[in-house]
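Enquirer: I have a structure here, written as structure tokens, and I will follow up with some questions on it.
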Amino acid sequence: MIEFLPCYLRTMGHEGHYSNNPRDKGGETYRGISRVYHPGLQLWAIIDGQKWRSEFPACLRESAILAHEVEKFYYREFWVELRCDQLPEQALAAEVFDQGVNLGVYDAALYLQAAINLLNKKGALWPDIPEDGILGGRTLATVQGACKKGWGRKLLLWLNVLQGAHYALGRKALQEALKKRSEYGETFIGGGWSDRVELTKT
């Protein structure tokens, strides 16, 4: 059974607590949630109600109600949207969820689709799926089938490769490159090239 809580706690390890930096276009932020982009959440009323305290914002860490509101937000907006509980492996669910939080739901789904297509040896192992950024039934079925065949580790690896490329090249450049990728590359990505991008063991 795929569990939400371990994935959530892992991702929260990357998120800060309270900040309100005027140079941050997201404005007031708590646990990675921007008030500019999510102004209607109940958690802002909880935070506002604590601002009179001399120990603010450190006191926010003591609020179980606030912690619950944050967890509900991430469950609803990312775990459910990306159908992570239907992914076949815990590590894969953790990565897709984390990329959804970090890069956005569309990009996380798109990179999962791109990774599964890159690994299929030009359709010899399983058919290509549309790269539309929507994690629907066809994407889930293809991912589940690939993992049953033992491709979960390499799928996770290439998800991380694409995330790194997103950081290095930028979103637009990477997604344009994915549309123009070569058949030559796809011939080898499912084989020896995957071994070469594994972490070197010493």
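Where a number appears in this text, it was derived from the coordinates with a stated rule and is not lab data. Bear in mind the structure is a predicted one, so any value in this text is a computation, not a measurement. Virtual Cβ from ideal backbone geometry, glycine too; neighbours counted across all protein chains shown.
Enquirer: Can you list the residues, at least 5 places off or on another chain, whose amide H is less than 5 Å from the amide H of Tyr18, using H built in the peptide plane?
Expert: Sorted by chain and number, the residues that satisfy this are Arg31.
Enquirer: Turning to a different aspect of this structure: log10 I(q)/I(0), Debye, Cα-only segment 88-196, no solvent, q = 0.14, 0.19 Å⁻¹?
Expert: Results for segment 88-196 at q = 0.14, 0.19 Å⁻¹ read -0.49, -0.96.
Enquirer: With a cap of 12 neighbouring Cβ atoms within 10 Å, and only residues DSSP puts in a loop, list the GluC sites (Glu not before Pro) found in segment 1-41.
Expert: On the way: sites: Glu3, Glu15, Glu28; in loops: Glu3, Glu15, Glu28.
Taking segment 1-41 and a limit of 12 other Cβ atoms within 10 Å, the loop GluC sites (Glu not before Pro) found are Glu3.
Enquirer: Based on the Cα coordinates of segment 81-134, what is the per residue volume of their convex hull in Å³?
Expert: Working: hull volume 4.1 nm³, N = 54.
Given the Cα convex hull of segment 81-134, per-residue volume reads 76 Å³.
Enquirer: If you take the alpha carbon radius of gyration of segment 17-128 and divide it by 2.2 N^0.38 Å, what ratio comes out, to two decimals? Don't jump to the answer; show the numbers that get you there.
Expert: Values: Rg = 18.2 Å, N = 112, 2.2 N^0.38 = 13.2 Å.
Cα Rg divided by the expected 2.2 N^0.38 Å: 1.38.
Enquirer: P(r) for the chain, please, calculated from all Cα pair distances in 10 Å bins and given in %.
Expert: The percentages, shortest bin first, are 8, 31, 31, 18, 10, 2, 0.
Enquirer: Another one. Tell me the trypsin sites (Lys or Arg not before Pro) within segment 1-43 that lie in a loop according to DSSP and have at most 14 other beta-carbon atoms within 10 Å. Before the final figure, lay out the partial values.
Expert: Numbers: sites: Arg10, Arg23, Lys25, Arg31, Arg35; in loops: Arg23, Lys25, Arg31, Arg35.
The qualifying sites are Arg23, Lys25.
Enquirer: I need the chymotrypsin sites (Phe, Trp or Tyr not before Pro) found in segment 25-71, filtered to DSSP loop residues with at most 12 other beta carbons within 10 Å of theirs.
Expert: Working: sites: Tyr30, Tyr37, Trp44, Trp52; in loops: Tyr37, Trp52.
Within segment 25-71, the qualifying chymotrypsin sites (Phe, Trp or Tyr not before Pro) (loop, at most 12 other Cβ atoms within 10 Å) are Tyr37, Trp52.
Enquirer: Report, in debye and to the nearest 20, how large the dipole of segment 1-118 comes out about its Cα centre when Lys and Arg carry +1 and Asp and Glu carry -1 on their Cβ. Walk me through the numbers on the way to the answer.
Expert: Working: 11 positive and 16 negative charges, 77 e Å.
With Lys and Arg at +1 and Asp and Glu at -1, about 360 debye.
Enquirer: Apply 1/(1 + (r/R0)^6) to the Cβ-Cβ distance of Ala45 and Arg10, taking R0 = 25 Å, and write down the FRET efficiency to the nearest 0.05.
Expert: 0.35
Enquirer: Near Tyr75, within a Cβ-to-Cβ distance under 15 Å, what is the net charge of the other residues, with Lys and Arg +1 and Asp and Glu -1? All intermediate terms of the calculation are to be shown ahead of the outcome.
Expert: Values: positive: Arg10, Arg31, Lys72, Arg76, Arg83; negative: Glu3, Glu15, Glu69, Glu71, Glu77, Glu81, Asp85, Asp98.
Counting the neighbours of Tyr75, the net charge comes to -3.
Enquirer: Right, next: State to the nearest 20 debye the size of the charge dipole of the chain about its Cα centre, where the only charges are +1 on K and R beta carbons and -1 on D and E beta carbons.
Expert: On the way: 25 positive and 24 negative charges, 92 e Å.
The dipole of the chain has a size of about 440 debye.
Enquirer: Further question on the same structure: Order by neighbour count: Val36, Val96, fewest other Cβ atoms within 10 Å first, most last. Before the final figure, lay out the partial values.
Expert: On the way: Val36 11, Val96 26.
Lowest count first: Val36, Val96.
Enquirer: Right, another one. From the cross-link list Lys25/Lys180; Lys121/Lys148; Lys121/Lys180; Lys72/Lys149; Lys154/Lys180; Lys149/Lys172, which pairs have alpha carbons spaced over 26 Å apart?
Expert: Working: Lys25/Lys180 33 Å; Lys121/Lys148 17 Å; Lys121/Lys180 16 Å; Lys72/Lys149 34 Å; Lys154/Lys180 22 Å; Lys149/Lys172 32 Å.
Over 26 Å Cα-Cα: Lys25/Lys180; Lys72/Lys149; Lys149/Lys172.
Enquirer: A further question on this structure: Can you compute the helix-only [θ] at 222 nm over the chain? Use -39500 (n - 2.57) per DSSP H run of at least 4 residues, normalise by all residues, nearest 500 deg cm²/dmol.
Expert: That calculation yields -15500 deg cm²/dmol at 222 nm.
Enquirer: Cα centroids of segment 76-124 and segment 137-186: how far apart, whole angstrom?
Expert: What the calculation gives is 9 Å, centre to centre.
Enquirer: Same structure, new question: Please provide three numbers in whole Å: the alpha-carbon extents of segment 1-68 along the principal axes, with the largest listed first.
Expert: Extents along the principal axes, in whole Å: 43, 26, 21.
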